[in-house]
Amino acid sequence: MLTTPDSHQSHTTKRRGRALLHQLAPLVVGAAILIVATLLTNVVQDRSAPPMPTVASSATLEGTPAPDFRLTDQFGTPRSLSALRGGWSS
């Protein structure tokens, strides 16, 4: 049986396509697994996070100074908001 050049070229092209598919299949499967794992992780984290408190829209502090408070900085020094007034925090 004789083969024509066109049928030989078509057969070679199909063989290359299958070889490429076999090489890319693990990459595609791995990417799909990674996407599913990421989505599942986000769903689990969303369920375990406590609900965010809601604030009524009328409880804004626009134009009202924040109340004074005291915190300790990374060096153990107490800091208060009133000591920072007029500086970078205003």
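The values are calculated or read from the model by the stated rules, or taken from the named source; none is laboratory data. Just so we're clear, the structure is a prediction, and the values are computed from it rather than from any experiment. Cβ: placed from backbone, ideal geometry, glycine included. Neighbour counts: every protein chain shown.
Can you name the residue in the stretch 67-88 that is of a type in the set (A, V, I, L, M, F, W, C) and surrounded by fewer than 10 Cβ atoms within 10 Å (Cβ to Cβ) and is also modelled with the lowest pLDDT among such residues?
Among those residues, the one meeting the criterion is TRP88.
Taking the stretch 9-65 only, how many residues are among the charged types (D, E, K, R) and modelled with pLDDT under 70?
Number satisfying all stated conditions: 2.
When both residues are 6+ apart or on different chains and their Cβ atoms are under 8 Å apart, which pairs have a first residue that lies in the stretch 54-74 and is assigned to a loop (DSSP other than H, G, I, E, B), and a second that is modelled with pLDDT of 65 or more and loosely packed, with under 10 Cβ neighbours inside 10 Å?
So the pair list comes out empty.
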